[in-house]
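Take a look at the structure set out below.
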Amino acid sequence: MRTFYITTPIYYVNDIPHIGHAYTSIACDVMARFKRLSGDKVFFLSGTDEHGLKIKKSAEKAGMEPLEFTNQVSQRFRDLLTALNCSNDDFIRTTEVRHKKACQALWDKLVANGDIYLGKYSGWYAVRDEAYYAEDELTKTAGSKMIAPSGAECEWVEEESYFFKLSAWGDRLLDFYEKNPDFIKPVTRRNEIVQFVKSGLHDLSVSRTAISWGIPVPNESRHVMYVWLDALTNYISALGYPDIESEKFKDFWPSAVHVMGKDIIRFHAVYWPAFLMAAGVAPPKKVFAHGWWTNEGQKISKSLGNVIDPYELIADYGLDQMRYFLLREVPFGNDGDFSKDSMIRRMNSDLANGIGNLAQRTLSLIAKNCEGKVPAHSDFSEQDNKLLHAAYALPAMFSEHMNSFAFNKALDSIWELISAADRYIDSEAPWSLKKTDITRMQTVLFVLAEVIRIISLLLQPFMPTSADALLNQLSVPSDKRSLEHASGKHVLTAGTPLPAPTGVFPRFNPPK
Ligand code: ME8
């Protein structure tokens, strides 16, 4: 059986969940659902990143102990996944015992393999990014502040620290990228990373003594692990690391795909595979970096007060509509802009007037003229066959786009079929056939119902609730909704009673 392991980044609990977090989680959910429909055994992981100075400071600001604080905020991220209808199989917190064990085992392995040594770190550190920067990467402001490329302010740090011998892994990383050309996606990110590694890697400070909110370094009570080493390890602690012989680990690790925003690709595509190779574990199969969302053309930031609350989007436009918009609006990997106008346009033209209207017209004609049962068809005309063939050919093309994370192209391919079905219904005009040729009317309505069945099957990963509602209206049994049923071998059965049709994709109603 094919397996598929997909992960979101584990989110920092210093923040309220916003559209960016929702975007990554939804994209992973769509992929997980698509792979399950394709018959793969899937493991979908999300979670929260709870250690480090940034979290410690946020807890202090909230007047709470770090663990009490992280318990509260972590729950918000768990709740968001539920609100987004995400089908994650597990949720990991870096404060859990299973994770601590995995991190310490990984550390021991790195020490045993000679990749960690004790030294002294003096250099720049950005708490907001929890990242070290070389001086030549920084810009000095008029007020002598040192600013990282991400915009985060850096502070000078000098302390005893354990180092990971990252400098020794450059050539092996380049060799790995070369042998695995699809490891970093999209290709623009791959080029950036290759350039970065070619420019030479410095050893990486992987422990801190100045803070205590972290996972203790084994046998070294003064040090806690660098929060990124701790955080990245979540992807294997959830599979039971260090037990790499377990079925779960062997089943899923070779198929691992990490999805994240482009801001944190370096951690995933450079540090993480180096840590893993040094510990004798194969790197994941793929890391995919998506773009960033802006709000009405502006960078999203707390200080600008323009953070988009996913709960508000759900309330204003509907959950499935929001899921659809985020994955349809921009190619996955590119930056995207959220605007109310474009959200409403997609909701009305693609959904209400597109698939919604096609399904409602077809199903009400069937309810009125075919005694509310799947009509029987007679011989298919050339036009019927043309549309049916397009429908049965769609799943293969759709899957190809999905397998390369081209969500917008996958959706485009469905909408091409919807347009073809719209043209067909207009030219065949089943409403007038009612008076002239009942048999032909039934055949046309059968063809349309079949096409809507295929469309609904393919829409399931993106809009699970709405696609389910459509499949229910076609009385498609729940065990006949996987992609293997999206062919002409599993057509609707004539005479099957259908429930009374109701609209599934409402037009936008301005919030009161
Ligand atoms: O970086 N547009 O956590 P984080 C799109 N804990 N995506 C966005 C976004 C935006 N405007 N803002 C945030 C961390 N994201 C670490 C990860 S993983 C081992 C540790 C998404 O809470 C995007 O996926 O800052 C980004 O990578 C993630 O939120 C960062 O979440």
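Computed from the coordinates by the stated procedures, all read-outs in this text should not be read as laboratory data. Just so it is clear, the structure is predicted and the values come from calculations on it, not from any experiment. Methodologically, a virtual Cβ is constructed for each residue, glycine included, from the backbone with ideal geometry; neighbour enumeration extends over all protein chains shown.
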Tilt relative to the chain, helix 97-112 - C-alpha long axis, 0 to 90 degrees, to 10: 50
Hull shadow area, averaged, region 233-348 [alpha-carbon convex hull, nm²]: 9.2
Given the C-alpha atoms of region 360-512, compute the convex hull and give its volume per residue in Å³. 129
What are the principal axis extents of the Cα atoms in region 175-316, in Å, biggest first? 49, 40, 38
Once label points are set 7 Å from the Cα along Cα→Cβ at both residue 187 and residue 298, what is their separation, rounded to one decimal in nm? 3.7
I'd like the FRET efficiency for residue 113 and residue 194, computed as 1/(1 + (r/R0)^6) with the beta carbon distance as r and R0 of 30 Å, rounded to 0.05. 0.75
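If we sort 9-18, 291-300, 22-31 on the protection proxy, mean other Cβ atoms within 10 Å, highest first, what's the order? Can you show the working numbers first?
Values: 9-18: 21.5, 291-300: 14.6, 22-31: 24.1.
Going from most to least packed, we get 22-31, 9-18, 291-300.
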What are the ³J(HN,Hα) couplings of region 241-253, residue after residue, when phi is run through the Karplus curve with 6.51, -1.76, 1.60 and θ = phi - 60°? Round to Hz, x for glycine and proline. 3, x, 7, 7, 8, 5, 4, 4, 5, 5, 5, 9, 4
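Using DSSP, restrict attention to beta bridges with both residues in the chain and report what percent are antiparallel, rounded to the nearest 5.
Values: 27 of 53 bridges.
Expressed as a percentage, antiparallel bridges in the chain total about 50.
How fast does the chain diffuse by Stokes-Einstein, in µm²/s, taking the Kirkwood radius from C-alpha pairs at 4 °C and 1.567 mPa s? Can you show the working numbers first?
On the way: Rh = 25.1 Å.
My calculation gives 52 µm²/s for D.
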Net charge dipole size for the chain [Lys, Arg +1 and Asp, Glu -1 on Cβ; Debye, nearest 20]: 800
At R0 = 30 Å, FRET efficiency that the Cβ-Cβ distance of residue 250 and residue 168 yields, to 0.05: 0.60
So, with points 7 Å from each Cα along the Cβ direction, the residue 220-residue 427 label distance in nm works out to 7.2
Residue exposure sequence - 133, 311, 317 - by fewest surrounding Cβ within 10 Å: 311, 133, 317
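Starting with the fewest neighbours, write out 412, 468 ranked by other beta-carbon atoms found within 10 Å of each beta-carbon. Could the numbers behind the result be given before it?
Details: 412 13, 468 18.
Arranged by neighbour count, lowest to highest, 412, 468 become 412, 468.
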Over the chain: helical MRE at 222 nm, DSSP H runs n ≥ 4 each giving -39500 (n - 2.57), nearest 500: -14000 deg cm²/dmol
Return the distance in nm (one decimal) between the two label points of a simple spin-label model at residue 397 and residue 155, each offset 7 Å from Cα along Cα→Cβ. 5.7
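If the viscosity is 1.002 mPa s and the temperature 20 °C, what translational diffusion coefficient in µm²/s does Stokes-Einstein give for region 213-279 when Rh comes from Kirkwood over Cα pairs? Let's see the in-between values first.
On the way: Rh = 13.3 Å.
Rounded to a whole number, D works out at 161 µm²/s.
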Please provide three numbers in whole Å: the alpha-carbon extents of region 103-180 along the principal axes, with the largest listed first. 45, 33, 19
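For residue 490 and residue 408 in one chain, what is 0.36 nm times their gap in residues minus the Cα-Cα distance, to one decimal in nm?
On the way: separation 82, 0.36 × 82 = 29.52 nm, distance 2.70 nm.
Extra length available between residue 490 and residue 408 comes to 26.8 nm.
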Against the longest alpha carbon principal axis of the chain, how many degrees, from 0 to 90 and to the nearest 10, is the axis of helix 438-459 turned? 0
Taking the alpha-carbon centre of each part, the distance from region 24-60 to region 334-389 in Å is 33
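Check each of the GluC sites (Glu not before Pro) in region 371-479 and keep only those in coil by DSSP with at most 13 other C-beta atoms within 10 angstrom; list them in order.
Filter output for region 371-479: 371.
Between residue 85 and residue 120, what FRET efficiency comes out of the Förster formula 1/(1 + (r/R0)^6) with R0 = 60 Å and r the beta carbon distance, rounded to 0.05? Mind showing how you got there, number by number?
Details: r = 49 Å, r/R0 = 0.82.
Once rounded, the FRET efficiency stands at 0.75.
Starting from the Cα-Cα distance between residue 15 and residue 381, subtract it from 0.36 nm times their residue separation and give me the gain in nm to one decimal. Can you show the working numbers first?
On the way: separation 366, 0.36 × 366 = 131.76 nm, distance 5.88 nm.
125.9 nm is the gain from fully extending residue 15 to residue 381.
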Evaluate the Debye formula for region 1-94 with equal point scatterers sitting on the alpha carbons, no solvent, and hand back log10 of I(q)/I(0) at q = 0.14, 0.17, 0.25 Å⁻¹, in q order, two decimals. -0.52, -0.70, -1.19
Nearest-ten-degree value, helix 19-37 long axis tilted from longest Cα axis of the chain: 60
With unit charges on the beta carbon (Lys/Arg positive, Asp/Glu negative), name the residue among 366, 322, 407 whose Cα is farthest towards the positive pole of the charge dipole of the chain. 366
